[in-house]
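Inspection log for the structure reproduced underneath, given as structure tokens.
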Amino acid sequence: MIASLAGLVEEKGIDEAVIDVNGVGYRVFLSLRSMARLPPIGQRVRLRIRTIVREDALDLYGFATPAEEDLFLLLTSVSHVGPKLATNVLSGMEPSELAHAIATGDVARLTRLHGVGKKTAERLVLELKDKVSGLAATPIAAGEPGAASAQRTDLVAALVNLGYKPAQAERAAELAEKAAGPGAKLDVLIREALRSARS
């Protein structure tokens, strides 16, 4: 199985990238947070990889950090949580914040993640509560200044990675934050920025 890839960023989408490793392009699915950390097209990157084999596909899921990969493995061990949903969940919260929500049984917070209903959130808590303790640092509260600035940085980086010029990305990020309202997650903000650009 492929455990990591090191090569050039050849293409970028919203939730996937093509990494050129010695002339072979590997399509890798990533969370929005990992996408935001990718360097520009043409530059070198190293990603941790999990290979998911199904009857009709062999998919690669990439991670910018070991914590994200660890949480992906835990999430996909839960019944009815596949790799796509796990990637959506990782797009909505930093790994330590997500682990904290699971460890404290914060079902309401988990259900705000894209694709997570109440039953799934309860399953995550039930099956992972004792397993995430090592990953659950106390996250910055949503209202604290550090949370907003870190999220804005990730949002602008994600938009630049998608082809925006830095000044355009800053403006789109500002508009998306106003449209989505306070406390909106990164995946919601990126979708809002892209929707505004198309309208």
Item to complete: Considering only segment 149-192, state which residues are outside any helix (DSSP H, G or I), surrounded by 16 or more Cβ atoms within 10 Å (Cβ to Cβ) and either within 18 Å of the chain's Cα centre (by Cα) or assigned by TED's automatic domain parsing to the domain that holds P39 (or both).
Response: L162, A184, K185
Response to the item:
Of the candidates V24, V53, V28, V18, the one satisfying the condition of being at pLDDT 95 or above, loosely packed, with under 13 Cβ neighbours inside 10 Å and either over 17 Å from Y164 (Cα atoms) or in contact with a helix residue (DSSP H, G or I) (Cβ under 8 Å, 6 or more places away or on another chain) (or both) is V24
Worksheet item: Given the structure, is M35 of a type outside the set (V, I, T) and either surrounded by 16 or more Cβ atoms within 10 Å (Cβ to Cβ) or at pLDDT 95 or above (or both)?
Response: yes
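Go through segment 50-75 and give me each residue that's among the β-branched types (V, I, T) and in contact with a Phe, Trp or Tyr (Cβ under 7 Å, 6 or more places away or on another chain).
Across segment 50-75, the qualifying residue is only I52.
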Fill in: Cβ-Cβ under 9 Å pairs, at least 6 apart or on other chains, segment 1-14 side basic (K, R), far side exposed (fewer than 13 other Cβ atoms within 10 Å of the Cβ)
K12/P40; K12/G163
Worksheet item: So L126 clears everything in (1) over 21 Å from L74 (Cα atoms); (2) at pLDDT 80 or above except one condition, right? Which one?
Response: (1)
Worksheet item: Among L124, L85, which is the only one that is of a type outside the set (F, W, Y), surrounded by 17 or more Cβ atoms within 10 Å (Cβ to Cβ) and more than 24 Å from L155 (Cα to Cα)?
Response: L124
Item to complete: Inspect segment 70-80 for any residue being within 16 Å of L5 (Cα to Cα), at pLDDT 90 or above and surrounded by fewer than 19 Cβ atoms within 10 Å (Cβ to Cβ) and give the result as yes or no.
Response: no
Item to complete: Find the residue count for segment 54-69, including only residues that are within 15 Å of the chain's Cα centre (by Cα) and among the hydrophobic types (A, V, I, L, M, F, W, C).
Response: 4
Worksheet item: Here is a list of conditions, (1) in contact with a Leu (Cβ under 7 Å, 6 or more places away or on another chain); (2) modelled with pLDDT of 90 or more; (3) not hydroxyl-bearing (S, T, Y), and L135 meets all of them except one; can you say which number that is?
Response: (2)
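The values are calculated or read from the model by the stated rules, or taken from the named source; none is laboratory data. Since we're looking at a predicted model, the values are computed, not measured. When we count neighbours, we look across all protein chains shown, and the Cβ atoms used for this are built from the backbone with ideal geometry, even at glycine.
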